[in-house]
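The values are calculated or read from the model by the stated rules, or taken from the named source; none is laboratory data. This structure is a prediction, so every number in the text was calculated from the model and none was measured. Here the Cβ positions follow ideal geometry from the backbone for every residue, glycine too, while neighbour counts run over all protein chains shown. Surface accessibility is based on the protein's heavy atoms, side chains included, excluding ligands, DNA and RNA. Shrake-Rupley method; radii C 1.70, N 1.55, O 1.52, S 1.80 Å.
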Amino acid sequence: MRTLKKEYLLHIMLLPGVIVTLIYAYGPMAGLVMAFQQFEPLSGFFHSKFVGFDNFKYVFNMPDFKQVLWNTVLIAVIKMVLFLLVPLILALLLNEVTKRWFSRFIQSAVFLPFFLSWTVLGGVIIELFSLSGPVNGLLAAMGLKPIMFMLDNEWFRGIVIGSDVWKGMGYNMIVMLAAITGINATLYEAAEVDGAGRWKQMIHITLPGMAPILILLGVLSLGGILNAGFEQILIMYNPTVYEGADIIDTFVYRLGMFSQQFGPAAAVGLFKSVISLVLVSVTYYAAYKYNNYRIF
């Protein structure tokens, strides 16, 4: 109580955020009861028939579910690896640039796509890779046959992964550059005295110094391993590429909004949330146990 009286202003300052979180994050969780009901909108939560785990059995036995789950994991894992690897390489390269104006220009140019919505970027990418778009125009100029990128499962999946990494890599790059600037400069000076070159300094000082932020980004990324980019894929995909690009979120969207199967859709959403929670917990525990790293 003494600490609470001393810091009550800080608690009051946090109160609006707590209220918003309770209303918009925890409040809707009451709707999870639909996962165990044959939900009817007119009957509501209290009068819809309770069916136990039948919705889960129904969804897991659907012929498309295994492919949807595979697409989600594959796309998300590749994105997760590239979201760490590509910004890390860019941050390490920019850290070696001596011209500050050039470094700032590259940072701004790479970071700019992060502020654009997928509504804008999705339309741009569709036009770029369309049959009459610039990419196929370049292929035709080289004497190659045009490729239907947006209608081919393998090509479309690669475009989804590449465009998402391109859009978001600037944010992680800035975070990693901030981690690099936080490394004690005397370590580099001591390494130079000992005769270590830039490569050895990067291996033995820069990368170990960045380990905490890399672990944090990895933990956060693993928690979203079943989030493969709902908005991006919803805007860009079409029925032709469902086999290679349909993910859990788009599957739930179609199941609930188009087929009006609210119970099975809620069951899939709950399944995804539980798996994500388990992965975050396990990863956080491993980071604490083996690297003595704590987020809180």
Is it the case that the range 35-49 has a residue that's charged (D, E, K, R), modelled with pLDDT of 85 or more, out of contact with any helix residue (DSSP H, G or I) (no Cβ under 7 Å at 6 or more places or on another chain) and part of a helix (DSSP H, G or I)? no
Take M176 and tell me if it is open to solvent by less than 30 Å² (accessible area, probe 1.4 Å) and not small (G, A, S). yes
If you go through the range 182-196 one residue at a time, do you hit one that is surrounded by fewer than 13 Cβ atoms within 10 Å (Cβ to Cβ) and within 29 Å of K79 (Cβ to Cβ)? yes
(1) touching a helix residue (DSSP H, G or I) at 6+ places or on another chain (Cβ under 6 Å); (2) aliphatic (A, V, I, L, M); (3) under 30 Å from G52 (Cβ atoms) all hold for I180 apart from (3)
Considering only the range 97-123, how many residues are exposed (fewer than 13 other Cβ atoms within 10 Å of the Cβ) and either closer than 21 Å to I159 by Cβ or of a type outside the set (V, I, T) (or both)? 15
Would you pick out the residues in the range 1-27 that are open to solvent by 80 Å² or more (accessible area, probe 1.4 Å), of a type outside the set (V, I, T) and under 22 Å from S273 (Cα atoms)? L22, Y24, Y26
Expected single match for in contact (Cβ under 8 Å) with a residue 60 or more places away in the chain and on the phi < 0 side of the Ramachandran plot among L217, L187 is L217
In a helix (DSSP H, G or I), among the aliphatic types (A, V, I, L, M) and in contact with a helix residue (DSSP H, G or I) (Cβ under 8 Å, 6 or more places away or on another chain): is that true of L84 in this structure? yes
Given the conditions (1) surrounded by 13 or more Cβ atoms within 10 Å (Cβ to Cβ); (2) in contact (Cβ under 8 Å) with a residue 40 or more places away in the chain, report the number of the one that L128 does not fulfil. (2)
Listed by range, helices (runs of 4 or more DSSP H) wholly within the range 205-292 having at least 3 residues that are more than 16 Å from the chain's Cα centre (by Cα) and surrounded by 20 or more Cβ atoms within 10 Å (Cβ to Cβ) are 262-291
Taking the range 146-193 as the search range and keeping residues that are part of a helix (DSSP H, G or I) and of a type in the set (S, T, N, Q), which one is farthest from I106 (Cα to Cα)? N153
